[in-house]
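Structure first, then comments.
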Amino acid sequence: MLLKFSKMHGLGNDFVVVDAVSRKVYFNKEQIEFLGDRNRGIGFDQLLIVEPPISPEMDFRYRIYNSNGSEVEHCGNGARCFAKFVIEKDLTNKSVINVETKRGQIQLIVQDDGEVTVDMGEPSFNPVDLPFDATENDTALYSLELDGYGPVELTPVSVGNPHAVIRVDRLTDELVSGVGPLVESHSSFPANVNVGFMEVLNRDEVNLRVYERDVGETQACGTGTCAAIVAGIRQGWLNSKVTAHLLGGDLRIEWHGEGSPILMTGPATKVFEGQIYL
Ligand SMILES: N[C@H](CCC[C@H](N)C(=O)O)C(=O)O
């Protein structure tokens, strides 16, 4: 099969995007791993598949796979690239696009300046929703015992996909590459977890690095940024509109507390069109 695709990124978090509206496609785990292989395939953090919606009032369905072939619930940077893709491919002429994902419904708003705002839905701090096997009940900060590091305090947040947010005084490579994988695959997270390291600069700005589930550290993580900011707002560390500085650039997050959706705004970039035989 000759597969046509777009190679895109959101602040360096990179994707292969496939149109499964014009022509139905299905990939098995081995094919996804091959496509995601940066030496033998194309290479990506996630594969995004654009499909027709199941419910008629939605515009599209959007499926997301990590480079190890596992399907995941949500991808924030991917959602912005999705919006640019469906417009560029003339799959829609709307600038407000309603999309079904594995976690539920999201809304994409393409701004006049080309940036995309995503209504990411509401977060959940209930450990059951990640899932996270919490030892304490209903506390904002949980302590996890890590071999070689001792207890690490974290906030579990679900943005549809699971996140563990760790506030740090200073971001270092050793912290991200040392603690990241230990938390990502910790037995307290039965479905594993994305791990965000947040350095609060002031009430309106943070530095953030994310060690993503199944992928490792990425240049940026949209859902990870949403998780970190809402955790910081809930802890009283941050205001309701925050700029997050990631390795790949800045994302703007807005959240007005429990019961309200998270709004994420940032860029989406198309790098090239390609085709590959599968
Ligand atoms: N690695 C994540 C999925 C991709 C999230 C990230 N790329 C984003 O922009 O939100 C997970 O396993 O839940």
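Here are the numbers for this structure:
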read-out: Counting DSSP beta bridges with both ends in the range 127-260, the antiparallel % (nearest 5); value: 75
read-out: Net charge, Ser185 excluded, C-beta distance under 14 Å - Lys, Arg +1, Asp, Glu -1; value: -4
read-out: Shape category assigned to the range 132-227 from the gyration tensor of Cα positions, a/c cut at 1.5; value: rounded
read-out: Fluctuation leader among Gly69, Gly259, Gly78 - the chain, Gaussian network, Cα springs under 10 angstrom; value: Gly259
read-out: The range 127-260: relative contact order in percent, alpha carbon pairs under 8 Å with at least 6 residues between; value: 19
read-out: Cross-link table Lys29/Lys102; Lys102/Lys241; Lys4/Lys102; Lys29/Lys84, entries beyond 22 Å C-alpha to C-alpha; value: Lys102/Lys241; Lys4/Lys102; Lys29/Lys84
read-out: Separation of alpha-carbon centers, the range 206-242 and the range 65-132, rounded to whole Å; value: 16
read-out: Positive minus negative residues near Thr243 (Lys, Arg vs Asp, Glu; Cβ under 9 Å); value: -1
read-out: The range 1-69: trypsin sites (Lys or Arg not before Pro) falling in loop per DSSP and having at most 13 other Cβ within 10 Å; value: Arg23, Lys24, Arg38, Arg40
read-out: Prolate/oblate/rounded label for the chain (Cα gyration tensor, a/c 1.5); value: prolate
read-out: Solvent accessible area, Å² - Lys241, 1.4 Å probe, full protein context; value: 130
read-out: Partners for Lys7 among aspartates and glutamates (Cα-Cα distance below 18 Å; same-chain residues under 8 apart left out); value: Asp19, Glu33, Asp37, Asp45, Glu51, Glu88, Asp90, Glu115, Glu273
read-out: Choice from Asn77, Asn93, Asn126 with maximal GNM fluctuation in the chain (Cα, 10 Å cutoff); value: Asn93
read-out: Among Ala164, Ala244, Ala140: highest mean-square fluctuation, GNM of the chain, C-alpha pairs under 10 Å; value: Ala140
read-out: Over the chain, relative contact order from alpha-carbon pairs under 8 Å, at least 6 apart, %; value: 21
read-out: Solvent-accessible heavy-atom area per residue, rounded to whole Å², over the chain at 1.4 Å; value: 43
read-out: Tensor-based shape of the range 168-278 (alpha-carbon gyration tensor, a/c under 1.5 rounded, otherwise prolate or oblate); value: oblate
read-out: Accessible surface, 1.4 Å probe, highest first, among residues Tyr142, Tyr211; value: Tyr211, Tyr142
read-out: Formal net charge of residues neighbouring Val96 (Cβ-Cβ distance under 11 Å; K, R +1; D, E -1); value: -1
read-out: Probe 1.4 Å - accessible area at Asp147, Å² to nearest ten; value: 140
read-out: Accessible-area composition of the range 127-260, carbon plus sulfur, in percent [1.4 Å probe]; value: 44
read-out: With every protein chain in place, the range 80-119: carbon and sulfur % of accessible area (1.4 Å); value: 40
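The values are calculated or read from the model by the stated rules, or taken from the named source; none is laboratory data. Here the structure is a predicted model, which is why all the values come from computation and not from measurement. Reconstructed Cβ throughout: ideal geometry from the backbone, glycine too, with neighbour counts over all protein chains shown. In case anyone asks, the SASA skips ligands and DNA or RNA and just uses the protein heavy atoms, side chains included. Shrake-Rupley method; radii C 1.70, N 1.55, O 1.52, S 1.80 Å.
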